[in-house]
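The values are calculated or read from the model by the stated rules, or taken from the named source; none is laboratory data. All values derive from a computational prediction rather than experimental measurement. Glycine gets a Cβ as well: all are built from the backbone with ideal geometry, and neighbour counts include every protein chain shown.
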Amino acid sequence: MTPAAGALEHRGLLHDSSDGVAAAALPTVRAALAAGDAVVLLVDRRTAHEIRAALEPDGNDLVVAAPTEAFRPDPTGFLHLLRTWVVPGRRTLVLGQYSALDVDPDDHAFVEDAIDLVLADLPLTVLCTCARDADPGADRLRRHHRLLQDGDAVVANPDHQPCPDRSPVRSALWGPAVLRADFRDLADLRDLRVRVAAVTADAGLAGETADAAVLAVHEAAVMACAMRGDTAADCTVEIRTVDRTMFTEVTAPGVSVPAPPDDDPLAVLRLLSRTASVEGADSEQRIRVLSTG
Amino acid sequence: MSHTLLVAATDHAQHAGAAAWVDHELAAGAKVYYKGWAAVSPETHWLTGHEGSRRARAAVGSGQLEFLDFPTVIELCGGTTEGLWRLQADEVERGLDEGWGRIAMAQESPHRPMSDGDDGDEAAELAAQESGYDRLAERRPLRVLCQLTLDEENPAAVRATTTAHHRDIVDVGWSARVEAGRWCPAGVLDVAVAGRFAAALRGALRDPGPAISPELHVDLTEVGFLDVAAARAFRDVAVERRPPGAALRIVLHGTGPVTRRLLGALETFEGPLTTTAEPAPLVVAGTAP
């Protein structure tokens, strides 16, 4: 059954090698077409041909995209690509094939997690497929998908590993920094906010979303000043943007003091953003905030 | 009536604001009495020396602008609040007798050595001194500029001075005034100014206005940015013990969606301000109490 509009469905499908992707995914594709959904195939040529032939004449309604180009120029390009396939007033099914993708494993993992974080409000069904005996593809699919397609049913995946709170994702995966600024103390935050507001506008965020994004960066900077303790060294803000998504990293020098057990210093930040986390190292702490439009 | 507190971080910033105010009053034809620390001749004072405006220099010569240094003020008023009020009243009457249609008084940041631990009595005395200006202004065409230079005052003095001037403050990045029965902050309310903002809010709460009202109505329409520290200031001040006659609760108007989200988050994470049996001390207008 097609989910309600406006909600992302991100599922995995493990198929037998002997059947191939086409046989395993056809029922889902048929149901999508019957419901009036748009369908995009991100599969190899042979699979695309098989699916189209099986659905004739409706097979001509399918859009076929080149899987080798999906992660150009960088992994975040795929997120942008998914956004472009959203059709106003309709749902879009995107069928992906692990074996057809030309992508670094770390980048692939990043994108699988990022889909759930930044595209959750889009009317997309992203169905990722992999052969059950593919190694390491099958394990990767199980790790990244909360839901699995099992015949006509969609079931919870007990092997799903949620995106970790302290992510090792390289911030550079979000693209080049559009803003990099140092600040010493709270009095510097006023000027910083003006610059952040400009970045937010350029990223396409507007209204309440933009206000919340600026406030989130401000609060992260306040937190960094507190984390720094007596150190007089500067803190740093770096912001990267891609397609109405703003990734901010605020770095505070020094070793952080653990928060009391009942205290969640990120609670308000999480309310103002899509997600927030703190990543610690020996000589610095990094507060990460993700805001989306 | 205008009784403004001008807050600046440094002497240099303070001079710029005060000079502009004095020049404006001189241009409007006011007799200006200026009290400060410089125990030097008007010719070398920063306001009228080579850095000052031509108008201010001319005003010294014509008698439109008069200086008095603080040590002399203390000596003349006998170091008492009542003596200070008499000195100010005499200045106003003398200016009017000289034919000036309006009087302006400005005083520099007083370097008030308030104790940080317990500022109850000292704060009350400061408030009484400031209210002397207000009593005078009710009967005479008087405008007052008090200056607060943050570099020169201790935290207790900053708090008490801000509390006493809640009706008209021009601070760094934010301001507040009373309009149409509401207390109206404007500008940026963030962690850098949250302490002074809280002090001003405290003053407004204790002085909700001439109308007898159990509520202080705060209009946030002109506040462009409000962060967690400022939101927390509303909550902290709302639950403080207050003297008799103070407003019982704060009603916020003109709140944006992010501010409402912030206040709701603090309510969730830090708990409600009251038990369900008591009326809420902080309310957002248009939402359920």
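Residues in the range B:151-169 include at least one that is within 14 Å of chain A (Cβ to nearest Cβ), assigned to a helix (DSSP H, G or I) and at pLDDT below 95.
There is no residue in the range A:106-114 that is among the small types (Gly, Ala, Ser) and touching a residue at least 60 places away in the same chain (Cβ under 8 Å).
For the range B:108-159, a residue qualifies if it is surrounded by 15 or more Cβ atoms within 10 Å (Cβ to Cβ), touching a residue at least 60 places away in the same chain (Cβ under 8 Å) and farther than 14 Å from residue B:85 by Cα, and the qualifying residues are B:108, B:109, B:143, B:145, B:146, B:147, B:148, B:149, B:150, B:152.
Residue-wise test of (1) assigned to a helix (DSSP H, G or I); (2) of a type in the set (Ser, Thr, Tyr); (3) within 21 Å of residue A:254 (Cα to Cα); (4) modelled with pLDDT under 95.
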residue	(1), (2), (3), (4)
A:163	no, no, no, yes
A:166	no, no, yes, yes
A:169	no, no, no, yes
A:173	yes, no, no, yes
A:178	no, no, no, yes
A:187	yes, no, yes, yes
A:194	yes, no, no, no
A:199	yes, no, no, no
A:208	yes, no, no, yes
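If I ask for residues that are among the acidic types (Asp, Glu), in contact with a Ser or Thr (Cβ under 8 Å, 6 or more places away or on another chain) and within 11 Å of chain B (Cβ to nearest Cβ), which ones from the range A:186-214 would you list? Don't jump to the end; show me each part of the working.
Step one: of the range A:186-214, the residues among the acidic types (Asp, Glu) are A:188, A:191, A:202, A:208, A:211.
Filter once more, so that each one left must be in contact with a Ser or Thr (Cβ under 8 Å, 6 or more places away or on another chain): A:202.
Those that are among the acidic types (Asp, Glu), in contact with a Ser or Thr (Cβ under 8 Å, 6 or more places away or on another chain) and within 11 Å of chain B (Cβ to nearest Cβ): none in the range A:186-214.
Sort out which residues of the range B:175-187 are closer than 19 Å to residue A:187 by Cα and either away from chain A (no Cβ under 14 Å) or over 17 Å from the mean Cα position of the chain (by Cα) (or both), and write them in order of number. Outline the logic, then answer.
Here is the first cut: in the range B:175-187, the ones closer than 19 Å to residue A:187 by Cα are B:175, B:186-187.
Across the range B:175-187, the qualifying residues are B:175, B:186.
Within the range A:155-171, does at least one residue satisfy the condition of being surrounded by 12 or more Cβ atoms within 10 Å (Cβ to Cβ) and within 14 Å of chain B (Cβ to nearest Cβ)? Checked against the condition, which is being surrounded by 12 or more Cβ atoms within 10 Å (Cβ to Cβ) and within 14 Å of chain B (Cβ to nearest Cβ), the range A:155-171 yields no hits at all.
Could you run through the range B:234-270 and say how many residues are within 14 Å of chain A (Cβ to nearest Cβ) and within 24 Å of residue B:181 (Cβ to Cβ)? Total satisfying the criteria: 6.
Here residue A:217 clears all of (1) at pLDDT below 95; (2) under 26 Å from residue A:112 (Cα atoms) except the condition numbered (1).
Among the residues of the range A:36-81 satisfying the criterion of being among the basic types (Lys, Arg) and closer than 10 Å to residue A:22 by Cβ, which is surrounded by the fewest Cβ atoms within 10 Å (Cβ to Cβ)? Steps first, answer last, please.
Within the range A:36-81, the subset among the basic types (Lys, Arg) is A:45-46, A:52, A:72.
Those still in the list that are closer than 10 Å to residue A:22 by Cβ too: A:46, A:52.
Details: A:46: 12, A:52: 19.
Among them, the one singled out is A:46.
Can you tell me which residue is nearest to residue B:281 (Cα to Cα) among those in the range B:190-244 that are β-branched (Val, Ile, Thr) and modelled with pLDDT of 90 or more? So, considering only residues that are β-branched (Val, Ile, Thr) and modelled with pLDDT of 90 or more, the one nearest to residue B:281 (Cα to Cα) is B:237. Residues in the range A:85-131 that are closer than 20 Å to residue A:243 by Cα, out of contact with any helix residue (DSSP H, G or I) (no Cβ under 8 Å at 6 or more places or on another chain) and not in a loop (DSSP other than H, G, I, E, B) were compared, and the one that is modelled with the lowest pLDDT is A:117.
Condition (residue is within 23 Å of residue A:292 (Cα to Cα) and over 13 Å from the mean Cα position of the chain (by Cα)) applied to the range A:106-120: is it met by at least one residue? Yes. Of all the criteria given as (1) within 25 Å of the chain's Cα centre (by Cα); (2) assigned to a loop (DSSP other than H, G, I, E, B), the one not satisfied by residue A:28 is (2). Checking A:190, A:142 one by one, the residue that is over 18 Å from the mean Cα position of the chain (by Cα) and of a type in the set (Lys, Arg) is A:190 and no other.
For the range B:48-62, indicate whether the set of residues that are closer than 24 Å to residue B:161 by Cβ and among the hydrophobic types (A, V, I, L, M, F, W, C) is non-empty. Checked the range B:48-62: no residue is closer than 24 Å to residue B:161 by Cβ and among the hydrophobic types (A, V, I, L, M, F, W, C). Counting only helices (runs of 4 or more DSSP H) that fall entirely inside the range B:39-127 and contain at least 2 residues that are within 25 Å of residue B:9 (Cα to Cα) and of a type outside the set (D, E, K, R), the qualifying elements are B:70-77. Looking only at residues in the range A:254-270 that are buried (at least 17 other Cβ atoms within 10 Å of the Cβ) and closer than 30 Å to residue A:74 by Cα, the one that is modelled with the lowest pLDDT is A:266. Each residue in the range A:215-243 was checked for being within 12 Å of chain B (Cβ to nearest Cβ) and free of Cβ contacts under 8 Å to residues at least 40 places away in the same chain, and 4 of them qualify.
Here the condition is being under 20 Å from the mean Cα position of the chain (by Cα), within 14 Å of another protein chain (Cβ to nearest Cβ), under 25 Å from residue B:150 (Cα atoms) and not in a helix (DSSP H, G or I); of B:230, B:192, it holds for B:192 alone.
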